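Quick notes on the structure that follows.
None of the figures in this text is laboratory data; all of them are computed from the coordinates on show. Not measured: the values here are computed from a predicted model. With ideal geometry, Cβ positions are generated from the backbone for all residues, glycine too; neighbour counts draw on all protein chains shown.
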Amino acid sequence: MSSKMKMNKKLHESDNDDLEMAPLKEVSLADPPKVIVTSSSSTSSSSSGRGAGGSSIVTACLMYCFCSVSMVLTNKSLASGYNASIDGDLNVLLVVWQAMVAVACVELCKRLKWVEYPNFNMRTARLWAPVNILFCLMLFTGISALEHNSVPMVTIYKNITNIIVTAGDFYFFHTSAETLVLVAFGVMLTGACAAAWNDMNISFLGLFWMSTNCLVTAGYILSLKFATKNVKLSKFGMVFYNNVLCTLFLLPAAIFRGELTLFFRTNALHTSDYFGKNLFAGFVGFFLNFASLNCVAATGPTTYAIVGSLNKIPVTMLGYLLFDDVITLETWFFIALSMCGGFLYSYAKIQTGRRKLAASSK
């Protein structure tokens with residue numbers, strides 16, 4: 001197996017965490033796409049690091065961090081920052097706006113020959129539709145979770161998705177988890193549950209949306225493993241089909257729920273601020289695909305996984321500072337405990353990947 005194939009395989013394995021935080025980003029378990037990310041993308045991570053220099057590595061990591069963090073914070077602002085102006089919510093319509101932006105971006109990149117994927121095919125769309133239903137639910141429940149919970153709580157609670165995915169892997173694919181992974185799960189789950197218990201602003205509705213989002217996200221990740229056996233799509237092919245189908249499925253739902261009518265009747269939403277945030281969120285959600293590929297090409301899969309875990313720190317702190325959430329010291333302690341469990345999980349997965357790589361190279 002070539003170093004490029006190994007690097008892409010590791011990238012796909014570590015994509016789950018970002019998928020939870022930035023739902024317009026895709027996890028591809030199919031063949032890697034033909035995409036222009038850096039001049040050294042066809043080399044191994046070590047040689048690309050030497051050729052590009054330290055500044056390129058830092059730039060790649062910062063670009064990835066910026067996209068991942070800003071995606072969450074922008075969606076939080078859109079989901080909860082305009083509640084005083086409307087009677088209800090526009091969560092489905094928010095997903096539709098951002099999906100439309102993502103489709104426009106990926107089509108533009110295809111025309112510029114930066115990415116490559118087949119044209120729209122109805123048979124492929126029908127085969128992909130069941131997976132896309134979970135994708136749509138993942139986006140909607142993610143926005144709803146951000147509306148009713150603080151960013152720190154959503155950030156740590158999403159660690160539970162990894163536990164559900166591992167359980168699903170064991171049930172469907174008979175893949176066992178190592179002891180260190182199970183210990184990390186225990187730390188993550190204890191911290192998340194204790195933080196929720198001590199959060200004075202937590203509500204049943206908030207817990208419902210967070211729990212539902214974890215279940216649906218895990219279902220989407222697991223369904224990809226089944227779907228990609230019959231449908232071969234590149235990473236950007238998935239971006240295209242998921243967002244096209246998402247628009248087709250959710251736009252009627254937004255009309256049925258009265259969100260489109262509510263939007264047109266609410267003059268307070270007809271501002272450059274609101275439109276700009278939706279445009280930015282859609283663009284960043286799409287551009288995160290490039291940023292992740294660029295980061296793993298410039299640094300290697302191990303650094304990519306570590307940066308993905310460390311992203312939770314600025315997301316948590318900025319979410320707390322920007323949205324004036326009230327969090328007690330006890331809750332902060334349990335948030336930190338759950339984040340430590342997430343770091344331990346990343347370390348365990350890195351060690352597992354190294355052992356598998358060493359075994360395959362023999």
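For the reader, a short list of remarks on this structure follows.
- Rounded to the nearest whole Hz, the Karplus-based 3J(HN,Hα) values (6.51 cos²θ - 1.76 cosθ + 1.60, θ = phi - 60°) of the range 147-162 follow the sequence 5, 9, 9, 6, 4, x, 5, 5, 4, 7, 5, 5, 4, 5, 4, 4, with x at glycine and proline.
- Annotation for the range 56-129: trypsin sites (Lys or Arg not before Pro) lying in DSSP loop with at most 13 further Cβ atoms inside 10 Å of their Cβ are Lys113.
- When you filter the GluC sites (Glu not before Pro) in the range 50-158 for DSSP loop state and at most 16 other Cβ atoms inside 10 Å of their Cβ, you are left with Glu116.
- Distribution of pairwise C-alpha distances over the range 269-359, 10 Å bins, in %: 13, 29, 31, 21, 5, 1
- Amide proton proximity set for Val115, modelled H, under 5 Å, gap of 5+: Lys110
- Separation of alpha-carbon centers, the range 186-222 and the range 145-181, rounded to whole Å: 9 Å
- Note on the range 212-318: percent of Cα-Cα distances in each 5 Å bin, starting at 0 and stopping at the bin with the largest distance, equals 2, 8, 10, 16, 22, 17, 13, 8, 4, 1.
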